[in-house]
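Contents: one structure, followed by commentary.
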Amino acid sequence: MSTILVLLDHLPTEAAGDGPRLRSTSAELLTLARRLPGEVVAAWIGSDAQGGVLDEVTGVLAEQGVASLLRVDVPGLDHGLTAVQVDAVAAAVEETGASLVLARSSFETKELMARLGVRTGAGIVSDVYDVTVDDAGVVVGSKAVLAGSWSTHCAVRAPLALVTLRPHSILPEPAPAPVEVAVHDLHAEASRAAAAVTVLSRNARPTSERPELAEAEVVVVGGRGTNGDFGPVEELADVLGGAVGATRVATDEGWIGHEAQVGQTGVTISPRLYIGAGVSGAVHHRGGMAASVTVVAINEDPDAPIFEFCDYGIVGDLTEVLPALSAEIRARR
Ligand SMILES: Cc1cc2nc3c(=O)[nH]c(=O)nc-3n(C[C@H](O)[C@H](O)[C@H](O)COP(=O)(O)OP(=O)(O)OC[C@H]3O[C@@H](n4cnc5c(N)ncnc54)[C@H](O)[C@@H]3O)c2cc1C
């Protein structure tokens with residue numbers, strides 16, 4: 001029987017604060033893995049899954065019906081480095097004989113998979129929204145391309161498939177019955193590339209109360225139509241517990257930081273709900289948000305391109321529509 005290795009998606013201790021260390025995308029990956037033929041093994045990279053963190057992780061695994069947790073560390077090295085993670089995952093693949101490695105899609109995991117692919121000769125499919133395994137055991141990753149206008153199904157012919165899943169593509173579901181989780185430790189050897197790096201210092205990224213853009217379930221995006229006033233966009237995002245995004249026009253104008261840019265040259269998002277206000281829906285923007293589950297557009301121009309691909313459209317002035325939406329949602333709570 002083949003093994004599916006799921007790389008648990010965990011926040012660094014300092015970013016998690018008192019909150020959970022596992023991102024919700026871990027449950028999405030585990031639910032997907034459970035649907036596929038084979039034994040599922042969850043991998044935690046690093047040695048810090050101890051005490052309360054270990055309880056949290058095994059709790060999620062038990063609920064997801066995944067009975068095996070592998071804690072993989074490369075002793076003495078910084079697990080934040082991609083080269084170190086590659087050593088850890090390569091060792092986990094060897095230990096488990098995995099034929100499929102699943103991880104959340106992010107810039108970091110795509111770099112990790114690329115390096116691992118070079119090292120192992122594996123086939124890589126990134127940014128998929130689904131994975132299947134055909135009768136011959138071939139892993140097939142499905143992904144949207146060309147700004148979401150085409151779906152492609154990519155079969156991996158190599159013995160090992162490395163696949164990254166876009167957040168929110170899968171609805172996490174608990175297993176029919178919880179299971180006991182066994183924890184195993186694996187110490188991986190450091191490669192020359194990993195051992196050659198010494199981390200001298202780190203600067204924590206400033207944190208906000210809002211969720212991270214790339215993994216938020218709700219994203220409210222402001223475009224040129226905001227005319228520089230992101231107040232109503234931020235208000236609606238906060239009412240919905242979502243993140244704030246922007247078009248390149250808005251970031252180039254300096255109305256909001258470049259880290260908020262959604263699109264081909266910005267962050268790729270796949271929230272359950274995308275709300276675009278004063279956004280025309282240009283192809284470069286669409287390329288980064290086409291995988292959103294439900295798209296709502298607010299634009300005063302009824303001929304704006306975004307109305308051709310949104311699920312719900314409101315023709316109106318965002319300075320009126322956004323505050324009205326926020327007030328209505330608050331009133332209904
Ligand atoms: C190589 C390249 C890469 C790019 N990468 C990206 C990228 O990553 N992300 C990105 O976003 N763009 C990117 N762009 C730019 C992209 O092509 C568009 O120019 C940009 O997305 C348009 O932003 P916008 O929708 O805010 O502005 P516009 O296209 O100007 O649209 C503004 C919209 O707001 C509406 N509006 C105006 N006032 C109001 C109001 N009061 N109420 C409601 N609606 C109103 C207008 O009707 C209009 O539809 C890239 C371009 C290039 C060439």
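Computed from the coordinates by the stated procedures, all read-outs in this text should not be read as laboratory data. Note that the coordinates shown come from a computational prediction; the quantities given were computed from them, not determined experimentally. Note: ideal-geometry Cβ built from the backbone for every residue, glycine included; neighbour counts use all protein chains shown.
A few notes on this one:
- The H on the amide N of residue 65, modeled in the peptide plane, is under 5 Å from the matching H of 175, 179, each at least 5 residues off or on a different chain.
- Contact order relative to length of segment 185-325, as percent, for alpha carbon pairs under 8 angstrom and 6 or more apart: 21
- When the Cα atoms of the chain are aligned to their principal axes, the ranges along those axes come out at 58, 46, 41 Å in descending order.
- Taking 227, 299, 203 as the candidate residues, the one with maximal mean-square fluctuation in a Gaussian network model of the chain, Cα springs under 10 Å, is 203.
- Kirkwood Rh, Cα atoms: Rg over Rh of segment 252-313: 0.95
- The chain, helix-only ellipticity at 222 nm - DSSP H runs n ≥ 4, -39,500 (n - 2.57), divided by all residues, nearest 500: -8000 deg cm²/dmol
- Calculated from the alpha-carbon coordinates, segment 201-289 shows an Rg and a Dmax of 12.2, 42 Å respectively.
- Between 318, 236, 82, the Cα set farthest toward the positive side of the dipole of the chain (charges on each charged residue's Cβ, about the Cα centre) is that of 82.
- Among 146, 240, 116, the ranking by other beta carbons within 10 Å of each residue's beta carbon, starting with the fewest, stands as 146, 240, 116.
- Each residue in 202, 115, 272 was given a count of other beta-carbon atoms within 10 angstrom of its own, and listing them fewest first yields 202, 272, 115.
- Relative contact order of the chain, pairs being alpha-carbon contacts under 8 Å that are 6 or more residues apart, as %: 15
- For segment 19-60 versus segment 265-320, the inter-centroid distance based on Cα atoms is 33 Å.
- Here segment 48-126 is treated as an ellipsoid with the same Cα gyration tensor; its semi-axes, largest first and in whole Å, are 23, 16, 13.
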